[in-house]
Structures are given as C-alpha cells and as structure tokens.
Amino acid sequence: MDAPRRHHHYYDLILAAFVVVLLCSNFIGAGKAATVDLPYLGPTVFGAGILFFPIAYFFGDILTEVYGYAYDRRAVWAGFAALAFAAIMAQIVIALPIAPGAYMANYQKGLETVFGNSWRIALASMTAFWCGSFVNSYVLAKMKIWTQGRHLWSRTIGSTAMGELVDSSLFYFLAFYGLWPIEELLQVALAQYVLKTSWEVLATPLTYWIVGFLKRKENEDFYDNHTNFTPFRVKV
C-alpha cells in the first residue's frame, strides 16, 4: 500500500533548482553554438545549453524516483510556466523603445542576439520540453513498478533515452522543418540526442548517491501503483 502524501523537506529545493537549470540552459546556453569532435560523427556543432539542459532530466528522474510522478508533474508545469514567462518578458523588453545613446544601441543589439529567438523556436523548445519531460517521468514510474524498485540505472537511463528522443525529435522538427535540409536536420537531432543521453549515463553514480540520500532523509520511496498519469493537472 502506498504511503500517504506528506510534506517533504527537500522537494522545494529540488523544484527551484530544476526551474533555474531549465531557464539558464534555454536562455543563456542556447545562444552559443560550439563544436566537439565525436567518435564516428566527427566534428559536431551543438548548442552550448545542451551541456546543462540534461540536468533538468536528471532532476526529473530524482523527483519521480523518490517522490512519484505527481510531484515531477508539478515541477514540469512550474518549469513550463517559467519558460513561457521568460519568453514573453524577453520579447517585451526587446520591443521597448531604447533610450538615446551609443551604449543603449549596442546593448539593444546584444539583447536581440541573446534573447531574440523567434517565436517558432521558443514554442518548439517549450513544446518539446513539456512532452519529453512527461514521457521521461511516465516511463521511469512504470519501470519502477515493473522492476519492483531494482536496477535504478536501467530506468534512469531508459526513461531519459525515451524522453530525450521525444524532446530532440519534436524540437528540431518544429523549429527547423522547411528551413534546414532533411539530412542536416536529422544529423543535428541525432547528435544532440546522443550527447544528452550520454550525459545521463555518465551521471548514473551521482544519481544513485542523491536518490539514496533523499530516500533516507525523506523516508520516502514512492511507487505509482494508483497514480492518475494525466499530464493536465498539478495536484499531488
């Protein structure tokens, strides 16, 4: 029988960290294109935010594993709302008339470069995050039941692989279909997927440590046996 839901000491801290990582990776790192030489793929261009965006999935795994799907669902909605507010705020700030002077003119150009993503890219990012995060949480919650709580590595990696597949596929299709050649779109999406999923594999020891710590401190190890898995609610 599942334990009744109750107040937790660390949930709010993880929720706040989740939202901060999500905002920073989308609005700071996404503006820079970097390159890395990957085995078999060769020199690969990627958005710098990809180095940090998988941390959001890392937190999602921890929230679902310890507290259950409903608590991660609330975090996903909080992150989605934060992304939407930041996107709207960025567009309003950019659209405001600038004060006279060379400094403000240069500052405006910088704002437009960093925060002036098109609405298509912003909506693609939010849609992909929302769908990918719920897939990640759902798969992990179900795998925890199927494995009876054993083999944590299999469900953190497996759920991230599924969630990132949905995330990467949706984002590049929604943001760049019709603008990029199909071959290039598929190549970039595949490279991003490999990088994001590899991050989760490398973070597995840290995941074990944090999950073990939280389960002991919170006295919680929730199984989603009777959970309503609809994504369209925030109630826990």
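Some points to look at:
- Full extension of the chain segment joining TYR40 with LEU96 gains 15.5 nm, where the gain is 0.36 nm per residue of separation less the Cα-Cα distance.
- Counting only protein heavy atoms and a probe of 1.4 Å, the accessible surface of segment 86-236 is 69% carbon and sulfur.
- 23 Å Cα-Cα reach of LYS196 towards lysines, excluding residues that sit fewer than 8 places from it in its own chain: LYS32, LYS142, LYS144
- Within the full protein context, the accessible area of LEU38 is estimated at about 30 Å² for a probe radius of 1.4 Å.
The values are calculated or read from the model by the stated rules, or taken from the named source; none is laboratory data. Treat the numbers as computed from the prediction; the structure is a model and nothing was measured. Side chains are part of the model used for accessible areas, which takes the heavy atoms of the whole protein and leaves out ligands, DNA and RNA. Shrake-Rupley method; radii C 1.70, N 1.55, O 1.52, S 1.80 Å.
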